[in-house]
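Beneath this line is the structure, given in structure tokens, with notes to follow.
The values are calculated or read from the model by the stated rules, or taken from the named source; none is laboratory data. Note that the structure is a prediction, hence the values are computed from the model and not measured. Please note: Cβ atoms are built from the backbone with ideal geometry, for glycine as well, and neighbour counts cover all protein chains shown. Remember, those area values only see protein heavy atoms, side chains included, never the ligands or the DNA or RNA. Shrake-Rupley method; radii C 1.70, N 1.55, O 1.52, S 1.80 Å.
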Amino acid sequence: MKLAAIDIGSNAARILISNVVTDKKNAPSFTKLSFVRVPLRLGFDVFDSGNISQKKIELLLLTLQGFINIAKAYEVVALKACATSAMRDAKNSPEIIRLIKEKTDLDIEIISGSEEALLVFENHIAENLDKDSSYLYIDVGGGSTELTFFNNNELIFKDSFQIGTIRLLKEQVMDQTWDEMKNAIKSQAKNFKAIKAIGSGGNINKVFSLSKKKDGKPLPYELLRDYYKELSNVSMEDRVNIYKLKEDRADVIVPALKIYLSVMRWAGADQIYVPNIGLVDGIVHHLYSRQVNAK
């Protein structure tokens, strides 16, 4: 079964095409067939003016037309498109959604931060990890950070905070918002021990790649802190040339690390697993569940 997921984020739009097969026990296995990321950076418009500019609308339309053609080429049986923080905040998002529907017949669902957190949780990564620990999913985007905390596979807490990499670059995150996130994490974490973090998003994936750690091995808090200090003290040009970062990654990776480190410190998590998952992966899992239940 081939499925497609589209994520229209504040920093980039992405499409994931996955093939799902089941074993003799009907347990699904997900194989990535194609992944395309386009750095539209809608948040830079929205968090400045409150609207998405005409130029960005045109680029978004072109991107989605391309994504739809990719999905058709793979002959997917189902596709789901979700938009997050930038589209949530944009005053002109309703007209953009109508335009895209008119031009492409694609339905875009603007999901809440809480829904975004649950979709990331759909990956069920922690089910394969140590059962004696509690796990905190941290999904850092351009406009918001989604947190999902659970113990013994039971959902304990989920929330979304208007703290994202682009908002931080534009100095649009108030101290009060940081305090809200800190207090929420500490109030939940105080009742649990041995909390480990699970990170999702392009920035933590890139740090994991830089670390040369083996897949499945966690990154220590101290290593993340070292990368934060190291990357903070070099220019954008050096981040691109020395660390081989793309320009649209080089500017947001430092604020992203600040968010991961803050959340881990408040939760008392000393390491973070980086399973290379994101919202699109959660959407595909959600789509699969919906397809199975519809039969």
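Things to note:
- Test: residue in the stretch 272-282 that is over 30 Å from M1 (Cα atoms) and not β-branched (V, I, T): no
- Highlighted here are the helices (runs of 4 or more DSSP H) found entirely within the stretch 1-103 that include at least 1 residues which are loosely packed, with under 14 Cβ neighbours inside 10 Å and of a type in the set (S, T, N, Q): 42-49, 54-73.
- Flag if D7 is in contact (Cβ under 8 Å) with a residue 12 or more places away in the chain and of a type outside the set (S, T, N, Q): yes
- Selected residue (criterion: farthest from Y227 (Cα to Cα)) from residues of the stretch 250-291 that are open to solvent by 60 Å² or more (accessible area, probe 1.4 Å) and assigned to a helix (DSSP H, G or I): R290
- Filtered by the rule that a residue be under 20 Å from the mean Cα position of the chain (by Cα), open to solvent by less than 40 Å² (accessible area, probe 1.4 Å) and without any contact (Cβ under 8 Å) to a residue 40 or more places away in the chain, the stretch 231-249 gives a lone residue, L245.
- Put simply, of K158, K170 the only residue that is under 17 Å from the mean Cα position of the chain (by Cα) and either assigned by the TED database to the domain that holds Y221 or at pLDDT below 90 (or both) is K158.
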